[in-house]
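The values are calculated or read from the model by the stated rules, or taken from the named source; none is laboratory data. The structure presented is a predicted model; accordingly, all values stated were derived computationally and were not measured. For neighbour counting, all protein chains shown are included, and Cβ atoms are generated from backbone atoms with ideal geometry for every residue, glycine included. Note: accessible area is taken over every heavy atom of the protein model, side chains too, but ligands, DNA and RNA are not part of it. Shrake-Rupley method; radii C 1.70, N 1.55, O 1.52, S 1.80 Å.
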Amino acid sequence: MEPRADPPSPAVADEAALLDRARHGDLDAFNALVDLHQRLVFNVCLRLLGNSTLAEDAAQDAFLAAFRHIAACKGERFRPWLLRIAANACTDELRRRGRRPAISLDAPRPLEHDPLDAPDPAPGPEAEALRSEQRRTIAAALLHLPNDQRLAVVLCDVQGLAYDEIAEATGVSLGTVKSRIARAREKLRRELGVAGTSGARSPS
Amino acid sequence: MKKLLGFWRRHPTAARLSAVADGQATAEDAAEVGRHTAACERCRERIAAHRAVRTMLAALPDEAPSRSFRLSPADVTAPARRSPAPTTSRSLRLMPALAAAAAVAFAVLVGVDLYARGGGASTTSAPELSAYSAAQSNATPSASAAGASGALSSNPQASPAAGNALAPARGTSVPPAASSATTEHPGVPAPRVPPTPPPAAAFDSNRPAATATPTTGVASRGGGGSQSPATAPPTKGSAGTIWLRIGEALAAAVAVAAGAVTVRGIARHREVRT
């Protein structure tokens, strides 16, 4: 699965040069880094918080903090370091709202349709509505996970980051990353009623 | 049982299975798990389930933010609305301990005071009172030393220290009136136990409550403490009494000040985390 988080054009060396200039207080260089990573940061915050307004606040806080503390990012990659700040911003936001992320008033219903069914070749409005309902349910199920499991599985499965980068971004060992991802998937599997090999719904 | 143990020994953990499902396992680990799943349908199904959940999550679309997060020079110079890099303020840790220590010292001194008034007003003699003032100066440092170590659980040491300092002066074993800070009172002959109404009436009304109040009642005790030098009638042997008053006033003032700083620090910490 191709990570969707890779910046489209600039080479790694270019980003290192931008980072160096940003460390010397060059705001334009930092803003170039913002351009490269803001979509990723925003979407991670969105899946962690469940609300796009809160996600925008958290993302803005994260970039502000990143610029303020840019000197602390040396000898490590910029992206996981930035993601760690973004995760902290989201944790702060959750604390401000009493620990639980915003969950919609309707309890998520079990999926009407097995998500592994082949997509409708001629998607009509009904199919689109169904898919959008499914996505809401999946996004809501994410919000039921404990914070650290949600972060790990969002970085891994939604954004396609590799385990080692997730370990850097979360500040824990590789083994802890693996176990958090595994546990998150088990919980999601139970909540969403996902079957294994066959198309039939599993009773659990 | 053997079968159960065999189960736990043979099947890979969920973490290993999910790593294989994600293509993130090492080559030899993947090979080992592969050999197992060739013969184990249960683990094959678990790997497939991991992949299914991953596929569902990957189908969640990215959204475009409604604005850019580029920083302007104004953003950078303005004070942070809230910063995701928290630090703990040092004063948040010291102030509560200091407030607690001062409150304990105050309670000790008030207890000593009441005790002296309760039983000693008529029998007070100069030598005993000078022993008293010695006891005070012993009680205050020991109380504040105990408090400064930061542990409220050292209260029991503070009060018996004051009590022991008193005992030689009195020549009888009496309950440390200072044990107001702790909840246990040793069973003792009744007349010495505070509050004794007649001497208490000589104080302002805050005082008798102070001995029983837990340390949260700092503010009212502070008020009581600072008033006492004015309202308390001078007794015989007033030298010792004056030291007592000074000690009480000091302890009360420190407790109130440290308490106020703590409360303000906590309020600020909650509102802006810097």
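Quick rundown of the values:
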quantity	calculated
Average other protein chain Cβ within 10 Å of Cβ, residues B:65-77	6
Gain in span if fully extended, A:Arg4 to A:Arg23, counting 0.36 nm per residue against the direct Cα distance	4.2 nm
Segment A:Asn147-A:Glu76, length gained on full extension (0.36 nm per residue, minus Cα span)	23.1 nm
Average partner coverage of B:97-109, which counts Cβ from other chains inside 10 Å	0
Label point distance in nm, A:Arg135-B:Glu45, each placed 7 Å from Cα along Cα→Cβ	3.2 nm
For residues of A:50-58, the mean tally of beta carbons on other chains within 10 Å	2
For the stretch B:27-79, convex hull of alpha carbons as volume per residue, Å³	176 Å³
In the A-B interface, the accessible area buried, summed over both sides, Å² (probe 1.4 Å)	4800 Å²
Residues along the stretch A:133-148 losing 40 Å² or more of accessible surface when the other protein chains are present rather than the chain by itself (probe 1.4 Å)	A:Arg135, A:Ile138
Listed peptides A:67-73, A:149-155 by packing density, highest first (mean Cβ within 10 Å)	A:149-155, A:67-73
